[in-house]
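In what follows, a structure is listed as structure tokens, so that the remarks can point back to it.
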């Protein structure tokens, strides 16, 4: 079953049967005049609301940048207030808080900081971000659906049967396109390979 054009899709359940790249979701939202920022999960939420009759429109906000020169960081310091980045200043701050050196921001911290900036949430603090590091709090989860393609390729290449291709990445991409544009599960299996091997073009 080929993926139809977005404007031919009747409801959210039908929309969910198909794989959409983040760039495609952004374009759909922009074309509809809806909020077009954020992760795939957030964009999907905008489209779900659209099918329910709600329009989540782009936000117009101003962030006061004059506060971004705070000298001393504390757990109560607002993320927006201090002009948070993933640079050395903040890495060192979290290294002091956790005792972990070198400190690395985990994917949920990255997703949360991005969401805070996109929504302009001035109540979110560095302490909240630390709670996310320890798993005590959830704000925005990393969009794991972005890893579907990576896992598909890995599993494709792990299957000895696919060694018949000199350019396995191209072969995987050809099979992925069939899966992506269908309502099938977005997962690789040997059975899938056997079923569509004659359709794989390299």
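The numbers here are math on the coordinates, done by the rules we state, and not lab data. Only a predicted model underlies this, so the values are computations on that prediction, with no experimental measurement involved. Neighbour counts run over all protein chains shown; Cβ positions are idealised from the backbone, glycine included.
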Full extension from residue 170 to residue 151: what is 0.36 nm times the residue separation minus their Cα-Cα distance, to one decimal in nm? 5.3 nm
Between helix 22-31 and the chain, what is the angle of the helix's C-alpha long axis to the longest principal axis, kept within 0 to 90° and rounded to the nearest 10? 80 degrees
I'd like the orientation of helix 148-158 relative to the chain: the angle between its Cα long axis and the longest Cα principal axis, in ° from 0 to 90, rounded to 10. 50 degrees
Principal axes first, then extents: for the Cα atoms of region 6-51, list largest minus smallest coordinate on each axis, whole Å, largest first. 23, 19, 15
Would you give the gap between the C-alpha center of region 89-153 and the C-alpha center of region 171-197, rounded to a whole Å? 33 Å
Helix-derived mean residue ellipticity, 222 nm - over the chain, DSSP H n ≥ 4, -39500 (n - 2.57), to 500: -13000 deg cm²/dmol
Whole-number Å³ per residue for the convex hull built on Cα positions in the chain: 168 Å³
Counting all C-alpha pairs of region 144-199, share separated by more than 14 Å (%): 47 percent
Specify whether the C-alpha gyration tensor of region 65-133 places it in the rounded, prolate or oblate class, a ≥ b ≥ c being the square roots of the eigenvalues: rounded for a/c under 1.5, otherwise prolate if a/b is larger than b/c and oblate if not. oblate
Two pseudo-spin positions, 7 Å from Cα along C-beta at residue 190 and at residue 13, lie apart in nanometres by 3.5 nm
